[in-house]
Amino acid sequence: MAQDITLKVAGKPYRLSAASPEMEQLMRLAAAEVSEMVTKFDARFPDSSPEDKLVFVAIQEAAGKLSAQKKMSRLVEEVETLQGDVASYLEGVTKK
């Protein structure tokens, strides 16, 4: 059952729904991380608007996600190759 929660991001409260206690915890951690990143951008770009800083955060997070997806894809390919190698080896062992 969804639970209504309020998260504060960059000093502003947002009402959201969390589908589970685990999702609520993840959302709270994410909100804290976004707020921390906005604070760092505040120091680096004091004249930028809060919206611009949130865009910086979004771009940084999206780039991180894309990088992780690329690494995951390479790992999946590596696992599939290893599975093929193991299957070939086991096939050779059973024929002896």
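Does any residue in the range 6-24 that is on the phi < 0 side of the Ramachandran plot and β-branched (Val, Ile, Thr) come within less than 9 Å, Cβ to Cβ, of a residue that is surrounded by 11 or more Cβ atoms within 10 Å (Cβ to Cβ) and in a strand (DSSP E or B) six or more places away or on a different chain, and which pairs are these?
Thr6/Tyr14; Thr6/Leu16
Under the condition of being more than 16 Å from Ala58 (Cβ to Cβ) and touching an Asp or Glu at 6+ places or on another chain (Cβ under 9 Å), which residue from the range 1-36 is surrounded by the most Cβ atoms within 10 Å (Cβ to Cβ)?
Ala18
Kindly evaluate Thr39 against the criterion of being surrounded by fewer than 10 Cβ atoms within 10 Å (Cβ to Cβ) and β-branched (Val, Ile, Thr).
On the way: surrounded by fewer than 10 Cβ atoms within 10 Å (Cβ to Cβ): no; β-branched (Val, Ile, Thr): yes.
Answer is no for this residue.
Every number here is computed from the coordinates shown, using simple stated rules; none is lab data. Since we're looking at a predicted model, the values are computed, not measured. Neighbour counts run over all protein chains shown; Cβ positions are idealised from the backbone, glycine included.
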